[in-house]
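Below: the structure, in structure tokens.
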Amino acid sequence: LLSITFFGAAGTVTGSKYLVETDNSAVLVDCGIFQGPRELRILNWDRPVYKASKIDAVIITHAHIDHVGFLPRLFRQGFDGRIYATPATIELAAISLLDTAHLQAEDASYRNRKKLTRHKEAEPLYTVHDAETVIKRMFPIPFDKRFELTDEIAFRYQPAGHILGAASVKIETVNAGKENTIFFSGDVGRYGSSLVKDPVSPESCDYLVCESTYGGRLHEVENPYSVFEDLVNTAVEEKSVILIPAFAVSRTQQITYIINSLVRQKRIPPIPIHIDSPMAISVTDIYCKYHDLHKIGLEDLTGETCLLEGRNVFMHKDRNSSKALNKLKGPAIIMSASGMMTGGRIMHHLINRLPDPSCTLIISGFMAQGTIGRKLADGEKEVFIHKQPVSVKAKVKSVLGLSAHGDFQELLHWLEPLNPAPKRVFVTHGELSQSEAMAGHLKNERNWDCYIPKLNEKIELE
Ligand SMILES: [Zn+2]
């Protein structure tokens, strides 16, 4: 029998884990952690309903932590196979996994120190050692190369845009002599974004698993260049600080690129950019290394005029220089992680800058339900950080044009060449209302048979 089980990103955005099983093989597509509200995060601690030791391999679509972050835990549960990803994804994932392991260790020790835990002792989900073990198991597969995993399963990556190295994956199965193809969208990027290349449309397939992060929404037609031009010019005039919580992977590089392009075009003065995230600093190096995978030319990525590491960009690796930024006076930009404000160095910047009416906080992307980022984006005037109330006097501005996810129109455009219709479409990776909206669009416009799987639901494919 051929089946697919949805162990994550079903009715929600995070925790992507889809298990494809044939009679004698089992492959997990993505292995992400659940993020956001507590009721989702505790799922990371659940006893697995699958046998990790029975999984032959994991195929990773891209390096975001909600797609790779559960790998070390899977090993703890007994997984002993190989992990596949594109070369750039492996380098980015290594950074993200180590960072996540460190954050979890820090968070656990903070909770223990401050006695915030409900348990006897807070434990991290996994350790740095676990993360290192996993990184060694990652095996690079380039785009557009068919790879035979077992007698029953082969796969091929194709570019999905989104972030550096991100892929969609087409899986071919042979089960009891019957052939099938399942196409996993991964996270689909945008058309015409400033940094990442456009996504490549899927070819025909029997089954489609399609993300729906923005299944019911359209991105505003807002040019991020003009928005940052205004914001930076105002900050320079008022000598104020712009605080940008940004994902270390991709978003930090994208914003740095936009601001330095504006400086080069003389639309803004050369404002200092402080990147306060060791992870973002390492990621920037990888972005420079794989320049052929995105839109920046080599000439813009080297030397003094580098748009990502130019003269006005200051990197803060150690904790003391991070803390010193608390006294920084504007005009300046501070960029720090995590992007959804769920942990990391951004937290002390929020405590320090949110009560300051002269500061502008930028919401630079999708904020999952329950995160501090979502609360700020929704205009809440007080947020709790480490159980302490922090009043929000800073101006909060959403810059929407930066999203790494296509909206539903872009998703429909991406699916346009897909003909004939898949036998069935599984709509995943979206809050329920977004998945329902996406399924509605596909039914109305294409008359496709759509289904929104439930968490841990196993579906047999004919
Ligand atoms: Zn992603």
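The values are calculated or read from the model by the stated rules, or taken from the named source; none is laboratory data. None of these values were measured; they are calculated from a predicted model. As a convention, Cβ positions derive from the backbone with ideal geometry for all residues, glycine included, and neighbour counts pool all protein chains shown. Remember, those area values only see protein heavy atoms, side chains included, never the ligands or the DNA or RNA. Shrake-Rupley method; radii C 1.70, N 1.55, O 1.52, S 1.80 Å.
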Q. Could you list, in sequence order, the residues of the range 23-35 that are buried (at least 21 other Cβ atoms within 10 Å of the Cβ), touching a residue at least 60 places away in the same chain (Cβ under 8 Å) and touching an Asp or Glu at 6+ places or on another chain (Cβ under 7 Å)?
A. V27, I33, Q35
Q. Just one of the numbered conditions (1) part of a loop (DSSP other than H, G, I, E, B); (2) under 19 Å from V58 (Cα atoms) is not true of C210; which one?
A. (1)
Q: Can you tell me which residue within the range 270-297, out of those that are at pLDDT 95 or above and open to solvent by 10 Å² or more (accessible area, probe 1.4 Å), is nearest to I362 (Cα to Cα)?
A: H274
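Picking from T61, T100, T127, which residue would you name as being over 21 Å from H348 (Cβ atoms), within 16 Å of the ligand (Cβ to nearest atom) and of a type outside the set (A, V, I, L, M, F, W, C)? Quick ask: steps written out before the conclusion?
Numbers: T100 fails: over 21 Å from H348 (Cβ atoms); T127 fails: within 16 Å of the ligand (Cβ to nearest atom).
Unique residue meeting the criteria: T61.
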Q) Which of (1) surrounded by 13 or more Cβ atoms within 10 Å (Cβ to Cβ); (2) under 22 Å from T181 (Cβ atoms) does E416 not meet, given it meets every other one? A) (1)
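The rows are residues; the columns are (1) at pLDDT 95 or above; (2) surrounded by fewer than 24 Cβ atoms within 10 Å (Cβ to Cβ); (3) not aliphatic (A, V, I, L, M).
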site	(1), (2), (3)
P224	no, yes, yes
E229	yes, yes, yes
E237	yes, yes, yes
S240	yes, yes, yes
P245	yes, no, yes
S250	no, no, yes
Q253	no, no, yes
I258	no, yes, no
S261	no, yes, yes
Q: Find the strands (runs of 3 or more DSSP E) located wholly in the range 346-462 whose residues include 1 or more that are over 25 Å from the mean Cα position of the chain (by Cα) and among the polar types (S, T, N, Q), and list them.
A: 388-391
Q.
Residue under question is V383, and the condition is that it be among the β-branched types (V, I, T), at pLDDT 95 or above, open to solvent by less than 40 Å² (accessible area, probe 1.4 Å) and touching a Cys at 6+ places or on another chain (Cβ under 8 Å); does it hold?
A. no
Q. In this structure, is V209 open to solvent by less than 30 Å² (accessible area, probe 1.4 Å), hydrophobic (A, V, I, L, M, F, W, C), more than 22 Å from G365 (Cβ to Cβ) and touching a residue at least 40 places away in the same chain (Cβ under 8 Å)?
A. yes
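Would you pick out the residues in the range 36-54 that are crowded, with 22+ Cβ neighbours inside 10 Å and either polar (S, T, N, Q) or away from the ligand (no atom under 16 Å from the Cβ) (or both)? Don't jump to the end; show me each part of the working.
Quick first cut of the range 36-54, residues crowded, with 22+ Cβ neighbours inside 10 Å only: 36.
Correct list: empty.
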